[in-house]
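The values are calculated or read from the model by the stated rules, or taken from the named source; none is laboratory data. Here the structure is a predicted model, which is why all the values come from computation and not from measurement. Please note: Cβ atoms are built from the backbone with ideal geometry, for glycine as well, and neighbour counts cover all protein chains shown. Just so you know, the surface numbers come from the protein's heavy atoms only, side chains and all, with ligands and any DNA or RNA stripped out. Shrake-Rupley method; radii C 1.70, N 1.55, O 1.52, S 1.80 Å.
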Amino acid sequence: MIKDFFILLKQELTVTIILFILLFIKIGVKEMPARIVLNIINALLFLNLLAGFLFIRAGSLFGDMFQTSELISFEKNLLNLGTLIISLQSYHWLKNHKHALEFYMLMLSTLLGMFFMISSNNLLMLYLGLELSTIPLAALANFDLEKRRSSEAAFKMIISSAFSSGLLLFGISLVYGIHGSLNFAILAQGYSASPLGLFSFILLLAGLGFKISAVPFHLWTADVYEGAPVPVTSYLSVISKGAIFFVLVSLLYNVFGNISDTWYHMVFVLSVLTMIVGNLFALRQQNMKRFLAYSSIAQVGFILIGISGQSSAGSSSVIFFILIYLFSNLGAFGIVSLVSSVTGKEDIDDFRGFYQTNPLLSWVLAISLFSLAGIPPTAGFFGKFFLLLAGAGKGNYIWITIAALNMVLSLYYYLRVIRALFMEKQEQPIPKINAGWSPKIAMIICVGGIIVTGLFSGGYTYIHSFFIK
Amino acid sequence: MSEIPVTHILFVSTALFFIGMYGLFTRRNMITMLMAIELILNSVNINFVVFNKYLYPEKLDGLFFTIFIITIAAAEAAVAIAIIINLYRSHHSIDVEDATEMKY
C-alpha cells in the first residue's frame, strides 16, 4: 500500500523534494553565489527528468481521485524536459537577479500543479491542479519587479485567469447538480446533451479555452507574453499550454465522449477562428515576443484540428505535435531570451543583420521558425501533417482547406523574420553574444529534437503505442 | 414551516454570477474588479451547497468543493493584491485605464 503511494506519486514527490531543497538553500545561513545555485538547480532538474523514466506503473490513488498510467508519465516527462530547457535558457537572466531561487520555487510549484491536473480523475482535483498551476504563474509574470510592463502583464493575467476559472467552476457546479458526482468515470456514463448539460459543457470549454488562448478567449495572451520576462513567456506558451491540452484531450474524449457530435462543431468554430485571427494579427507585429504569441495562438488552431479526430490517432497526433512544438518554440524563445537578457532588444527590426554577427544563433532561430511554419524536413511539418491527417479522418475537408491556406499565410510572417536575420542589414547590428554553456546545451537539445523527430518517425509510433494497448 | 424551493436559491446564485460578470467588465478600479471575481466564486459556492443539500444530501462532495474554492480564492486575492500594490508603486494609480502600455 505505502509502496504503491511512493511509486505512483514519484514524479510529484521528486518535484516536491526539489522544492524543499531550494527552500533550505534559500533559508540557509551562508549566501551562495548565483552561478553555483543555478548549476545545482539545473543538475537537480536533470535528475528529475531521469527519475521520470524509472518505475513507470499504472494505478490510482486517493479514492480514485488521482490516476496515472504510462501515457500520463510520458506527458509528465515531456513537461519535465521543457522545464529543464527553460531553466538552462534563463541562466543569463537569472545570474544577476536577486530572487533566482524564488523564480524556481514558483515555477516548480506550477509544474506540480500541472502534474496533479494531468493525473486528475475527478473535477475537484482538476480544479486544484489548474489553480496551483496558474496563480504562481501570475506572480512569475511580475518577476521583473521594477518594469511597469511586467506588473501590467501580471495583473492582466491574474484577472483573466481568475475569471476563466470562475466560468469553469460555474460549469463544474452545474455538472455536479446534474450527476451528483465529480468522478470522471461516473460523469462519462451519464453525460447527455440536455440543455443544462450543454450549458455546463460550454462554460467548461470557455474556461479551458481561456487557458489555451483559443480565439475569442485570446485577448490576454499577447499582452501577457509581451510584458512578462522571456523565460516566463516561453514557460507560459509551451509548458502551461501543453499541460492544458493533455487535460483537454482526456476530458473531451473520456468525459464528454457522449456528446462528441456536439463538441465537434464547437471545436470547429473555435479552431477556424483561432487560426485566422492568430495569423492575421501575427502579420503586423513588430515585437518578437508579441509575434511569437500570435504565432502560438495560430498553432492552437491546428492542435484543435487534431483533437477533433476523436480517435487514437487524434490524441496521439496532439501529443506528438506538443513534443515538436516544445522543441521548436523553445528554440525560438531561447534565442530571443538570450538576446533580450544580454542587449535588452526585443523588436524584429533589431534582429536585422543578426547573421553577420551571430551566424550560429541565427541558424538555430531559423531552424526553429522553419519548424514552427511546418517546412519539411523539420519536425514541424510531420507534426502538422499528423494533425491534419487525424482531422481529415472525419471528412470535413472545408476545415482542412482552411488550415492549409493558413499554413501558407503563416509562412509570410515566419519568412519575414528570417529575411530580417539573413538578408537585411543595419549599421549597428546586435554585437556578438557569448552564449555560455548552459544556453548552448538547451539549443543543442532543441535543434537536435527538431531534426531527429523530423527525420526518424519513431516518435509518433511510440506515442501511438500507448493507445493501442 | 415550508422549505425554500431550490429554484429560488439557484436564481440568487445565477443572478450573483452575472452581477459579478457585469462588475468585472464595467468597473475600472482594480480592487473592485477583484471583488467582482469574488462574487462569481461565491455564486458557485451557493450552487454547490444547494445541490448538496437539496439533491444529494447523502454525499459531501459539494461541501468539500466549497471549502477548497474559499481557500483558493483567498490565495488568488493575496497574489492579485500583491501585484496591484506593485503596479501602484510604478503607475501611482489603481485604475485599469492607466495600465495600458501594451495594446493590440
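Out of curiosity, is A:M117 hydrophobic (A, V, I, L, M, F, W, C), closer than 17 Å to A:A222 by Cβ, in contact with a helix residue (DSSP H, G or I) (Cβ under 7 Å, 6 or more places away or on another chain) and in a helix (DSSP H, G or I)? Criteria not met by A:M117. Take the stretch A:269-281 and flag every residue that is open to solvent by less than 20 Å² (accessible area, probe 1.4 Å) and either modelled with pLDDT under 90 or β-branched (V, I, T) (or both). Correct list: A:T274 only. Specify the residue that is nearest to the other protein chains (Cβ to nearest Cβ); the eligible residues are those in the stretch A:180-227 that are closer than 22 Å to A:F302 by Cα and out of contact with any helix residue (DSSP H, G or I) (no Cβ under 7 Å at 6 or more places or on another chain). For the stretch A:180-227, the residue satisfying everything is A:L219. Listed by position, the helices (runs of 4 or more DSSP H) contained in the stretch A:1-107 that have at least 2 residues being within 23 Å of A:F466 (Cβ to Cβ) and small (G, A, S) are A:70-89. Within the set B:I40, B:I94, B:I46, B:I67, the sole residue that is more than 28 Å from B:I4 (Cα to Cα), under 23 Å from the mean Cα position of the chain (by Cα) and of a type in the set (A, V, I, L, M, F, W, C) turns out to be B:I94. Scanning the stretch B:65-77 turns up no residue that is touching a Phe, Trp or Tyr at 6+ places or on another chain (Cβ under 9 Å) and among the small types (G, A, S).
Taken as a whole, the condition of being buried (at least 23 other Cβ atoms within 10 Å of the Cβ), among the acidic types (D, E) and facing another protein chain (nearest Cβ under 9 Å) does not apply to A:E146.
When you check B:A15 against the structure, is it of a type outside the set (V, I, T), part of a helix (DSSP H, G or I) and either facing chain A (nearest Cβ under 8 Å) or in contact with a Phe, Trp or Tyr (Cβ under 9 Å, 6 or more places away or on another chain) (or both), yes or no? No; evaluated as a whole, the condition is false for this residue. Residues that are of a type in the set (S, T, Y) and touching a Leu at 6+ places or on another chain (Cβ under 9 Å) within the stretch A:251-270 comprise A:S260, A:T262, listed in sequence order. Within the stretch B:22-63, being basic (K, R) and either at pLDDT 95 or above or over 22 Å from B:I81 (Cβ atoms) (or both) holds for B:K53, B:K59. One residue stands out in the stretch B:27-68 among those that are part of a loop (DSSP other than H, G, I, E, B) and at the interface with chain A (Cβ under 8 Å from one of its Cβ atoms): the one that is least open to solvent (accessible area, probe 1.4 Å), namely B:Y56.
Would you point out the residue of the stretch A:121-131, among those that are over 10 Å from A:F62 (Cβ atoms) and of a type outside the set (D, E), that is surrounded by the fewest Cβ atoms within 10 Å (Cβ to Cβ)? Per the stated criteria, the residue is A:L124. Taking the stretch B:74-97 as the range and being more than 7 Å from chain A (Cβ to nearest Cβ) and either touching a Leu at 6+ places or on another chain (Cβ under 7 Å) or hydrophobic (A, V, I, L, M, F, W, C) (or both) as the test, the residues that pass are B:A74, B:A77, B:A78, B:I81, B:A82, B:I85, B:I94, B:V96. Can we say A:K156 is surrounded by fewer than 21 Cβ atoms within 10 Å (Cβ to Cβ), facing another protein chain (nearest Cβ under 9 Å) and more than 20 Å from A:G334 (Cβ to Cβ)? When the stated conditions are applied, A:K156 does not pass them.
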